[in-house]
Amino acid sequence: MITIHLRYQIDPEQIDVFTDYAERWIRLVNRLGGDHHGYFLPAEGDNDEAFALFTFPSLADYERYRTAAETDAECIEAYELARSTGCIRRYERRFQRPVFAEPS
């Protein structure tokens, strides 16, 4: 299992646009085989930083998702939303291995 951690620097004047972008990607990641754990938007403190977490069963599954997203019409539309508005200034992507608690 692999979890992708995204850190975004966003335009705080476009939080509504970024929220639209985030809601699209939650649905898209889930549709394309991942398990999206949500976006985390500024509430207190820094107003230009947001995070997202989503998991795939393996790195190979994540790579298949990336390949599919390149030609998926809804994914392209979501990418274009961010590009055309500039709501995302930059982002960092990290791959992490989750540890979950054992069921009680």
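The values are calculated or read from the model by the stated rules, or taken from the named source; none is laboratory data. For clarity, every value in this text was computed on a predicted model and none was experimentally measured. Here Cβ is always computed from backbone atoms with ideal geometry, including for glycine, and neighbour counts include all displayed protein chains. Side chains included, ligands, DNA and RNA excluded: accessible areas come from the protein's heavy atoms. Shrake-Rupley method; radii C 1.70, N 1.55, O 1.52, S 1.80 Å.
Key figures for this structure:
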| item | result |
| --- | --- |
| Spin-label pair residue 13/residue 79, simplified geometry with 7 Å Cα→Cβ offset, distance in nm | 2.7 |
| Å² per residue, accessible surface of the chain at 1.4 Å | 63 |
| Cα-centred dipole magnitude for the chain, charges only on beta-carbon of K, R (+1) and D, E (-1), debye, nearest 20 | 440 |
| Percent RCO, i.e. relative contact order, over the stretch 23-73, from Cα pairs under 8 Å lying at least 6 residues apart | 33 |
| With every protein chain in place, the chain: carbon and sulfur % of accessible area (1.4 Å) | 50 |
| Answer label, with volume of the Cα convex hull per residue in Å³ calculated from the coordinates and candidates [x] 87; [y] 100; [z] 113 | [z] |
| FRET efficiency estimate (nearest 0.05) - Cβ-Cβ, residue 67 to residue 46, R0 35 angstrom | 0.55 |
| Protein-only accessible surface order, largest first, of 37, 5 at 1.4 Å | 37, 5 |
| Cα lying deepest toward the dipole's positive end in the chain, options 53, 43, 78, charges on Cβ | 53 |
| Peptides ranked, highest mean first, by Cβ atoms within 10 Å: ranges 92-102, 26-36 | 26-36, 92-102 |
| Separation of alpha-carbon centers, the stretch 51-81 and the stretch 2-38, rounded to whole Å | 10 |
| Residue-span extension gain [residue 89 to residue 30] - 0.36 nm each, minus C-alpha spacing | 18.8 nm |
